[in-house]
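The values are calculated or read from the model by the stated rules, or taken from the named source; none is laboratory data. It should be emphasised that the depicted structure is a prediction, and the values quoted were computed from it without experimental measurement. FYI the Cβ positions are ideal-geometry reconstructions off the backbone, even for glycines, and counts take in every protein chain you see.
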């Protein structure tokens, strides 16, 4: 099932458009990470934006001064003197534009580098964090939804970093600068502009709020849709076998319809916001021109910061009115740009929240301190640590008094009175006790859901027990580091996972430093060598799509070879031969018998022929061990195992 993702907003958040809350803590976290990754380049980008934004407001000042100079020339007729003043100002203005162009170019190049680098680091951080998550996380979250974090959520973060942040900063600077210049020239005209801007914010808040809400819903719908598609792709054969195509199409149509509805509403709001704000700006432009004309004709005293500092209040002149029209256009245009960023910020924060939910997921806990080391055994039996690969292993156990003891790795596993449940209050295993001495083959049989696979999950510490003890060579497995514990265990699952690469690469996955000869020997041991040599490129045959070009039995053989090359002292075979035909099973069984020699082996099987030669067979029912013994004893007892073996079920 999917965990519900939280919505942006929370403690410290301020009301956004439409009453929504923008989570400024989340926004600040993104900015902090940007500055952490790029402490030098990011300030350079900010400086370039500041410079380019400030330069964009300069023409209004020069325009006013040039118009005033032209008026002076027209009045006095002294063109020579006027040109000496006007031409240098034009040259300065052109120079500023050139420098601004260079700043913008540098900003865009740096921002492209920073954005892609930031996304690269975020994806790596997510993937690193994902490798530390417990199996439980992947059991409770759809794989397609997790994949959406790396694609759609990252893309919204890209828009936030590369577009929303720079545009927001640039528009804000221009708005502040233009507002100051307008106040400098005329208070009355500025007040008219601010009244128009007030209406812009009202419209922006109403429409932008709805847009932000649906953009966030759209982001979640995308994850849901991708999760459904991923499930259907994995289960396509099942869909066709049970003729569920029509039902599946209806389910997809419903889920895709939700995405359509959210996307349509989000973009409908967003697409109408820009034109509405732009037209309000056009109306305001006309109003300013009209008001400016009235003030000019009426010769109303003009109040501004310039007149206050000069100590003399004059009347509004044409050299102030004309630049004011351009400043109004510039001011409202940047207000429009600010309103447009509401959607990008909302989408970006929705994606960032989902990304951080993956990064902040509680990692797999590991308080273990006992490690697995290469060991050297002296003639008197003393075990010591060595860096050489001797073929012998030992548990390195540091103690509180500073001493260290070394326990040879033997494969003695004991479960004592273990209780466990995947969910609180729902116990799956009840008071389970299992003793597996080194070299023993222990088999678990029972109905589906009896708890067989759960036991092996606990030995690997994919889940931790609620009560009882599990000891490995006399050491509580909670004290053993999980990575070292799992290095000592070989696991072959019923569901085989092969990775993109050659057959040799997939076998070597069990032991990355294994030589080609070791991989071939492991394949021979598992009975896989014969069919591998018949592949087009033999061991160098490329596999993809989880080995789609192989049969399920062949994939299982490669998985067994992968476990064999790891050469662990304990093997766990969870329905390892369930996908292999009877003839192939006989071949594999001979190889597995060799593989199991001298090892502790746990076997889970519904096919009882594979467990008959086990030293101990345990029959589970509803999480309890109800029978135990070897094949002959259990047949003699004529209990549940006897009924399973002979099919002699009595009708109640």
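Some notes on this structure:
- Residue 443 passes every criterion in (1) part of a strand (DSSP E or B); (2) surrounded by fewer than 16 Cβ atoms within 10 Å (Cβ to Cβ) apart from (2).
- Residues satisfying the stated conditions in the stretch 636-652, i.e. over 22 Å from residue 596 (Cβ atoms) and modelled with pLDDT of 85 or more: 636, 637, 638, 639, 640, 642, 643
- Being part of a helix (DSSP H, G or I), over 29 Å from the mean Cα position of the chain (by Cα), under 27 Å from residue 271 (Cα atoms) and without any contact (Cβ under 8 Å) to a residue 60 or more places away in the chain is true of residue 195.
- Taken as a whole, the structure leaves residue 164 outside the set of residues that are modelled with pLDDT under 85, touching a helix residue (DSSP H, G or I) at 6+ places or on another chain (Cβ under 6 Å), under 19 Å from residue 274 (Cα atoms) and in a helix (DSSP H, G or I).
- Boolean, residue 67 is at pLDDT 70 or above, in a helix (DSSP H, G or I) and farther than 30 Å from residue 36 by Cα: no
- Some residue of the stretch 245-255 being within 21 Å of residue 344 (Cα to Cα) and touching a residue at least 12 places away in the same chain (Cβ under 8 Å): no
Yes/no per residue for (1) touching a strand residue (DSSP E or B) at 6+ places or on another chain (Cβ under 7 Å); (2) at pLDDT 90 or above; (3) more than 28 Å from residue 612 (Cα to Cα):
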site	(1), (2), (3)
426	no, no, yes
429	yes, yes, no
434	yes, yes, no
442	yes, yes, no
446	yes, no, no
470	yes, yes, no
490	yes, no, no
503	yes, yes, yes
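- Residue within the stretch 574-586 that is closer than 19 Å to residue 445 by Cβ, part of a strand (DSSP E or B) and at pLDDT 70 or above present: yes
- The listed residue being modelled with pLDDT under 85, surrounded by fewer than 19 Cβ atoms within 10 Å (Cβ to Cβ) and more than 19 Å from residue 52 (Cα to Cα), out of 131, 140: 140
- Selection status of residue 548, modelled with pLDDT under 90 and surrounded by 22 or more Cβ atoms within 10 Å (Cβ to Cβ): no
- Condition met for residue 437 (touching a residue at least 40 places away in the same chain (Cβ under 8 Å), within 23 Å of residue 595 (Cα to Cα) and surrounded by fewer than 15 Cβ atoms within 10 Å (Cβ to Cβ)): yes
- Condition check for residue 146: surrounded by 19 or more Cβ atoms within 10 Å (Cβ to Cβ) and either farther than 30 Å from residue 357 by Cβ or touching a strand residue (DSSP E or B) at 6+ places or on another chain (Cβ under 9 Å) (or both): no
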